[in-house]
Structures are given as C-alpha cells and as structure tokens.
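Comments concern the structure below.
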Amino acid sequence: MCNLYSLNKGQDAIRKAFGVQRDEAGNLPPLPGIFPNTMAPVVRMREGERTLAMMRWGMPSPEFALKGKKVDAGVTNVRNTRSPHWRRWLKPHHRCLVPLTSFSEFNVKAGGDIWFALGEDRPLACFAGILLDGWKSVRKVKDGETVDDLYAFLTTEPNAEVGEIHPKAMPAILTTADEHETWLSAEWPEAAKLQRPLRDGALKVVARGAKRDGA
C-alpha cells in the first residue's frame, strides 16, 4: 500500500507535463513527503479545462470500516473498482491525475521506506486518481466536522521491482499524454485498462530508509 510519495518538480514543469490550463494551487513548494490526510495537488477537469488544484488525500471509507470509529481519516489506495462503494466515483468527472516524482513502499527487512521513481532524475509521472468534492466528515477529532475536496488513487498488482518490496500491490501509474487524456475523458471500460502495473524494469529504487525523498 502506497501511503507516501513525493513531488519535487517546479510548478511550471507540472503545468507543462499535464497540459494544465488553469492553476488554482497557489504557490506550490517542493513536497518531498506527501502523507495521508494532507493536502497535495491534482490535475482535474473544471469547466472544460485541466486545472491544478489542491485536495486532501483520502477518499471516504466504506461504512463497514467506520463502525465504532469517531473519525474517518480516509482511504488512500483503491483496488476493488467493482465495489459499489467505489463504482459511483469512476466516471470521468470524478477522475484526476495525481502528479508525483517518486513513491515509497514500506518493508522493514529491506530498510524501511523504499523509494521508486522512473529514473534517478525523478521525472514526472502521475497516479490514476479519483476525486470527490465537498465531502462532510470528521477527519481529525481536534478539527471537528469539516468539508473537504478529496482524492485517492488506484492500485493494481505489482511489477517485478515493486513486488520484491511489496508483493501485494503498486499504484496505477500513467506516463504518457495519451494515457492522461484517456484517464480524464474515456468511459470506464476503456479507462479501466489503465489500472495495470508498469512494465517490469520501468522503475528504479532511488532511495532507502527516509520518510522524504528530497532529490
């Protein structure tokens, strides 16, 4: 389960890489460690334009997972897209691109957080994300009830290099402009094909042991 990733490229590079037409993210600093239930940028469609916007990482949890709990910190990774809980948020207007430069999978025996990227220079890529606007819930007891725009991203079976560290899953990662467009606009039977692992050898281990990847 990927519960930590980084985004260290400049804002202009992010806009160019994902064809952003409207930027609502403000002054975006480097984000060497993005953690669950915190704010991070996504690329979404708004009024027909690709828009860079800040959202909170963690979609609403299923009802069964909230029994006896006072807070819902959210679900960061979504695997079972056949579940009725997730099917309602798979149409194009609920999809987004989640920019990243590296992501971490945790494995104690391998040294803790193991950071993967498309190369040592951490080129931009994105997760296949889903989103939900204006969800009312208690995310943290101290904050009480809040209304948040939320996102998460899909996972799938791991490729060879991620499987050595985390054999159960890896994020669904998009790397081309055609994949970006398909994810944002295609009907689900076509977009669902993108919930697949990267080819073996596509990722490199670029760091070990740290909670942030600042390279």
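The values are calculated or read from the model by the stated rules, or taken from the named source; none is laboratory data. Being a predicted model, the structure only gives us computed values, none of them experimental. Positions of Cβ are generated from backbone atoms using ideal geometry, with glycine treated the same way; all protein chains shown enter the neighbour counts.
Computed quantities for the displayed model
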{"item": "ALA53 over 27 Å from VAL206 (Cα atoms), within 17 Å of the chain's Cα centre (by Cα) and assigned to a loop (DSSP other than H, G, I, E, B)", "result": "no"}
{"item": "Number of positions in region 169-204 that are surrounded by 14 or more Cβ atoms within 10 Å (Cβ to Cβ) and more than 27 Å from LYS16 (Cβ to Cβ)", "result": "2"}
{"item": "Residue, farthest from MET170 (Cα to Cα), within region 76-97, restricted to residues that are part of a helix (DSSP H, G or I) and out of contact with any Ser or Thr (no Cβ under 8 Å at 6 or more places or on another chain)", "result": "HIS93"}
{"item": "Residue check for MET45: touching a strand residue (DSSP E or B) at 6+ places or on another chain (Cβ under 8 Å), closer than 23 Å to VAL138 by Cβ and either of a type outside the set (A, V, I, L, M, F, W, C) or in a strand (DSSP E or B) (or both)", "result": "no"}
{"item": "Scope region 34-87; condition under 23 Å from GLU181 (Cβ atoms), touching a helix residue (DSSP H, G or I) at 6+ places or on another chain (Cβ under 9 Å) and loosely packed, with under 13 Cβ neighbours inside 10 Å; matching residues", "result": "ARG87"}
{"item": "Residue within region 125-133 that is assigned to a loop (DSSP other than H, G, I, E, B), closer than 17 Å to TRP57 by Cα and not β-branched (Val, Ile, Thr) present", "result": "no"}
{"item": "Residue list for region 8-33, restricted to those being touching a residue at least 60 places away in the same chain (Cβ under 8 Å) and either in a loop (DSSP other than H, G, I, E, B) or of a type in the set (Val, Ile, Thr) (or both)", "result": "ASN8, LYS9, ILE14, PHE18, GLY19, PRO30"}
{"item": "Residue pairs meeting the criteria (Cβ under 9 Å; at least 6 apart or on separate chains; first under 15 Å from TRP135 (Cβ atoms) and modelled with pLDDT under 95, in region 73-96; second surrounded by fewer than 15 Cβ atoms within 10 Å (Cβ to Cβ) and not polar (S, T, N, Q))", "result": "ALA73/LYS140"}
{"item": "Out of THR155, THR146, sole residue that is part of a strand (DSSP E or B), among the hydroxyl-bearing types (Ser, Thr, Tyr), in contact (Cβ under 8 Å) with a residue 24 or more places away in the chain and surrounded by 12 or more Cβ atoms within 10 Å (Cβ to Cβ)", "result": "THR155"}
{"item": "Among the residues listed as TRP183, TRP188, the single one being among the aromatic types (Phe, Trp, Tyr), at pLDDT 95 or above, closer than 20 Å to MET59 by Cα and over 16 Å from the mean Cα position of the chain (by Cα)", "result": "TRP188"}
